[in-house]
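Just so it is clear, none of the values below were taken in a lab; they were calculated from the coordinates. Since this is a predicted model, take the numbers as computed values, not measurements. Don't worry about glycine lacking a Cβ; one is built from the backbone with ideal geometry, like all the others, and counts go over all protein chains shown.
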Amino acid sequence: MRNLFNRQNLVALLGIVLLYAVIQGLIVFDIMPPFYKLTLILICIYIILSTSLNLINGITGQFSIGHAGFMAVGAYISAIVTAIHHGPLLLGLLAGAIAAALAGLVVGLPTLRLNGDYLAIATLGFGEIVRIVFLNTEYVGGAAGFTLSSKITWTWAFVLMVLSVILMKNFVSSTHGRACISIRENEIAAESMGVNTTKYKVIAFTMGAFFAGLAGGIYANYMYIIQPMTFSFLKSFDILVMVVLGGLGSMTGGIVGAIVMTLASALLASVPEWRLVITAVLLIAMMLFRPTGILGTKEFSLSFLGKKGDKNATSKN
Amino acid sequence: MGSSITQQIFQQIVNGLSLGSIYALIALGYTMVYGIIKLINFAHGDIMMVGAYAGWYAITVLHLSFLPALLFAMVACALLGVVIERIAYKPLRNASRIAALITAIGVSLFLEYGGMLLVTAQVRTYPPVFPETMYSFHGVIFKYGDIVMLLTSTILMVLLHITVQYTKMGKAMRAVSFDKDAALLMGINTNNIISFTFAIGSALAAAAGVLMGVYFNTIDPLMGIIPGLKAFVAAVLGGIGIIPGAMVGGLMLGLIESIVSGLGASTWRDAVAFLILILVLIVKPSGLFGKNVREKV
Amino acid sequence: MRLFRKGFTLGMIALLSASLVAGCGTTNSGSSDSSTPIKVGGNLELSGGTAMFGQAAQNSINLAFEQQNAKGGVLGRKLELVAADNKSDAGESTSAVTKLVTQDKVVAVIGSMTSSVTLAAVPVVTDNKIPMISPSGTNAKLTVDPANGEVRPWIFRACFIDPFQGQVGANFALTNLKAKTAAVIIDQKSDYSKGLAEAFITNFTKGNGQILGTEQYVAGSDKDFRPILTRIKAKNPDMVWLPGYYQEVGLIVKQARELGMKMPFMGGDGWDDPQLFNIGGNEAMNNTFYCDHVATDDPAMATFVSDYKAKFNSVPNAMGALGYDAANLLIKAIENAQSTDPEKLRTALETMKGFKGVGGEITIDPKTHNPQKSAVIKANKDGKPTFLTRVAPQ
């Protein structure tokens, strides 16, 4: 066990607490209008979504474009627990995430013998099937949607986001994470080195789905209404765009992508008719001039702070 | 005067085939572009939308009749396709495939919402260009448009197949698809070939757009999203990159949808279509007509 | 274990800058001196599948406010409509109303025109305690919570409800169309369509009519309705009840006629727009009927119609009239309350009696927040809806 309280960790922890405190202060003293709070919570939700998709697409090198399906499972299951059965919020969120993870397992096992574009279309198909199942379930309001009260506060969203990212980050840095990266780099070589590729693909899928489900739960318990249309393949594309924009394979890149896209969408809200046109142009320009995304596969790191104190930070990504 | 069960079944088959031929027409362009440069051109459905508007403009403003309007739309979209390829896709030819895919999503959004700025979100109605003639065959009804649709897509598929298989251009296209660099070394102008592919693919999309506008009577800037997705599914179902596969995939998808609806489960039809797709892929991972390429170590 | 090694700094910077931008936002909210206008939110369908309804209502509300402002406004202050586009989408409706209520600080919300979209905004206005008037949302659930049967305190409407509309439709089908059997086609995406279908089925079977089948579609993503129409054709009902919105209705009737289905089609107020004929075609729309709130050729509407025409150069639809009534209803409530305080406005709306709107008199029932209003039935003939009969509420 290496030192948990080295300088980098402490600085990062301090930064997170400070960030939380500043925003919480702005909210408590009513300086920040509630409309901006919506954007902040959405950023937290999208950070979880993009990092979890990054786990599948960026780290493991698979090609999933059905992430909204997992989000939908999490959203609806958690909504059923909290709104219909009046269960506690945390239980609802957990139930949603676990249900989504199970869905990830169910999809992952049979479809992982596909690769590339065929896997992509199969995941897309799965996402759409999930959506249509909810659309046909009157119990959760059918196509018209399901209204529930808003229970998620900024604190909930922020804490859950930070926890999710730390967990996923640790997974990537672990032996299992390395195995996943080896699949991305060269599946055949990985297999011949004794990496059980199917197992790790399924693990990545299940884990990605778990966090997508969590994000879906947060979304459902914040947004007042969930509708099957919200989780269409266009939502999956949104998440994919965030991941690629930030840098496929970079955990911090996914975070940056989520922040940039959500902020762009919020800042452009005053010109609704131009919003998506500008987004599209930015997206194309970004890809043309920097096809690897903002951060590429690099990680944004605080390691410069730790050079003196932390002798353990020797291995680099 | 209720109709018999057989009549109903045949009517549903007619319904399915005419819907399927639209999917097939869009899927042809999809599969062609994919076959040559391995790019999932998500903007394809939106090029179809532009084609529908171009045709609408030609008919209502320029007062052209159906065939000239169709040609007008096809030429306009062929040009658009080439421009899009040169600006957005060409610089990315050696980048990762996912970067190209994201660019395609960007182009798709741009066409949808740029189009919305230009023509507003309001639904436009196509003037009737086909005679409203109905044919009744033992109680099974099909209209003039159904026949035009099925014929157009069959003819275009055959033409396309001939072009790709038997002409010099087609040979060059297949060479580019097989190995771009080797083709370049053999003196093939790959840039021109790829542009040509986009031109043909987009022209096909435009044809589909005009036919769809005429057939369903209404067009709007977001009309390309759902058919685009369905056509993509059809192309994968048949084996993406394979021209007869796209045709068969499209017709199959149309039939599946109409049969599921005919059994009284209309709101489940897309789910069933996707389920069948996934099952087909699990059994035959590269589509119905696809060849399974063995991975070389 | 390098728990936090890879940083959050960039995220922090972005979040911080966001919060700074946020900090510069509105700080002097809720001031009510006489120089500032009274802001009223409009949660309207300005684009999307029912854009014609929202646009007509926006015009009418602006007209009503302008006329009032010309008379010196209300409480000595001018009225101002802050319109937000919900794109005819329930999800967008929630965020549109959140923006209106929390950022623009409106005193009340008018909208939206369709039931599902209005329903999505209900929790937002309820949590923020802001009154909301839906001009034309007819679903019963809007004002009365089906879970406990209690009235939703902050939601009002300016129109009749679907149980009444469905009853009017069923009676017309039974007595005037002499229908003994019917089929129903429901838009699965809309609470309005579901509620109206249910009301029709209940009343039609009560009058010894028989429902031969129900079919469903999803508005917005379906364009090919022949598979479900083929099923209905096989059952050969005397009439088809089609509660939906004009865009899909036009396509459905057109495709039905193409399949050789000649029976009458009938629906509710969602049909009310000239687009119906552009999409469906004049000939196909013959032998179709619909229930509506008002007839624009009604003499009581003459002043409103000519004012509207003078300003917008087009004839308003029934939704325009209801939007106009909702706006004037709100003005009247502000006058009665002598305040823009939401709680006082709510009370004023709840106790509203004998308000004379262009679409009929409105007396709000405090137990349901529903006004009692009569319905009209229109027949479509050669590209024009014509007034057939008026049905008074029991």
Considering the dipole of the stretch A:36-232 built from charges on the beta carbon (Lys and Arg +1, Asp and Glu -1) around the Cα centre, which of A:Gly194, A:Ala157, A:Asn221 is farthest to its positive end?
-> A:Ala157
For C:Thr181, which sequence-distant residues (separation of 5 or more, or a different chain) have an amide H within less than 5 Å of its own amide H, given hydrogens modelled in the peptide plane?
-> C:Gln210, C:Asp238, C:Met239
Which of C:Gln372, C:Gln188, C:Gln58 fluctuates most in a GNM of chain C (C-alpha springs under 10 Å)? That residue is C:Gln188
Could you work out how far apart the two model spin labels at C:Gln67 and A:Thr155 are, taking each label as a point 7 Å from the Cα in the direction of the beta carbon, and quote it in nm?
-> 5.2 nm
For A:Phe63, list long-range residues whose amide hydrogen, built 1.01 Å from N in the peptide plane, is under 5 Å from its own amide hydrogen.
-> A:Gly116
In whole Hz, what ³J(HN,Hα) sequence does the stretch A:227-242 give by Karplus (6.51, -1.76, 1.60; θ = phi - 60°), x for Gly and Pro?
-> 9, x, 4, 4, 9, 6, 4, 5, 5, 4, 5, 3, 5, 4, 4, 4
Could you grab the relative contact order for chain C? Cα pairs under 8 Å, six or more apart, rounded to a whole percent.
-> 16 percent
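For the protein assembly as shown, what is the charge dipole size about the Cα centre, in debye to the nearest 20, if Lys and Arg each add +1 at the Cβ and Asp and Glu each add -1 at the Cβ?
That gives the protein assembly as shown a dipole magnitude of about 2600 debye.
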What longest range of chain B stays clear of loop-exposed trypsin sites (Lys or Arg not before Pro) (DSSP non-H/G/I/E/B, at most 15 other C-beta within 10 angstrom)?
-> B:94-290
Leading residue at positive end of dipole, the protein assembly as shown (Cβ point charges), from C:Leu46, B:His161, A:Ala204 = A:Ala204
From the backbone phi of the stretch C:330-339, what are the Karplus-calculated ³J(HN,Hα) couplings (6.51 cos²θ - 1.76 cosθ + 1.60, θ = phi - 60°) in whole Hz, Gly and Pro given as x?
-> 5, 4, 4, 5, 5, 4, 4, 7, 6, 6
Diffing the stretch A:268-285: the Karplus 3J(HN,Hα) column from phi (6.51, -1.76, 1.60, θ = phi - 60°), in whole Hz with x for Gly and Pro, holds 8, 5, 6, 10, x, 6, 8, 3, 6, 5, 5, 4, 4, 5, 4, 4, 5, 4
If each of B:Val83 and A:Val106 carries a label point 7 Å out from its Cα toward its Cβ, how far apart are those two points in nm?
-> 4.7 nm
Computed [θ] at 222 nm, deg cm²/dmol, chain C (DSSP H ≥ 4; -39,500 (n - 2.57); rounded to nearest 500) = -12000 deg cm²/dmol
For C:Ser88, list long-range residues whose amide hydrogen, built 1.01 Å from N in the peptide plane, is under 5 Å from its own amide hydrogen.
-> C:Leu46, C:Ser47
Straight-line reach from A:Lys199: which aspartates and glutamates have Cα under 19 Å away, leaving out those fewer than 8 places along the same chain?
-> A:Glu185, A:Glu187, A:Glu191
What angle do you read, to the nearest 10 degrees and between 0 and 90, between the alpha-carbon axis of helix C:51-70 and the longest principal axis of chain C?
-> 50 degrees
Which distance in Å, rounded to a whole number, links the C-alpha centroids of the stretch B:1-30 and the stretch A:238-303?
-> 42 Å
Of B:Ala265, B:Ala78, B:Ala205, which is the most mobile in a GNM of chain B whose springs link Cα atoms less than 10 angstrom apart?
-> B:Ala265
Please give the helix C:302-312 orientation as an angle from the longest Cα principal axis of chain C, in degrees from 0 to 90, rounded to the nearest 10.
-> 60 degrees
Give, to the nearest whole percent, the P(r) tail of the protein assembly as shown beyond 48 angstrom, counting all Cα pairs.
-> 27 percent
Mind jotting down the distance between the C-alpha centroids of the stretch A:86-105 and the stretch A:138-191, whole Å?
-> 12 Å
Using the beta-carbon distance between C:Phe387 and C:Thr205 and R0 = 30 Å, what value does 1/(1 + (r/R0)^6) give for FRET efficiency, to the nearest 0.05?
-> 0.60
What does the charge count near B:Pro221 come to, summing +1 for each Lys or Arg and -1 for each Asp or Glu among other residues with Cβ under 13 Å from its Cβ?
-> -2
To the nearest 0.05, what FRET efficiency results for B:Ala95 and B:Ser136 with a Förster distance of 41 Å applied to their C-beta separation?
-> 0.15
Value of relative contact order over the stretch B:5-283, rounded to a whole percent, pairs C-alpha under 8 Å and six or more apart = 40 percent
Go through C:Ala56, A:Trp274, B:Ile102 and say which Cα lies farthest out towards the positive end of the charge dipole of the protein assembly as shown; charges sit on Cβ, +1 for Lys and Arg, -1 for Asp and Glu.
-> B:Ile102
Chain A, helix-only ellipticity at 222 nm - DSSP H runs n ≥ 4, -39,500 (n - 2.57), divided by all residues, nearest 500 = -22500 deg cm²/dmol
Please build a GNM for chain C, connecting alpha carbons under 10 Å apart, and tell me which residue among C:Leu212, C:Leu322, C:Leu142 fluctuates the most.
-> C:Leu212
Subset of C:Lys180/C:Lys206; C:Lys194/C:Lys384; C:Lys178/C:Lys378; A:Lys235/B:Lys38 violating a 21 Å alpha-carbon distance limit = C:Lys194/C:Lys384; A:Lys235/B:Lys38
Computed over the stretch B:209-279, the relative contact order (Cα-Cα under 8 Å, seq sep at least six) in percent reads 19 percent
Grab the beta carbon distance between B:Asn189 and B:Thr163, set R0 = 22 Å, and tell me the FRET efficiency rounded to 0.05.
-> 0.80
Looking only at other chains, what is the average number of their beta-carbon atoms within 10 angstrom of each beta-carbon in A:138-147?
-> 6
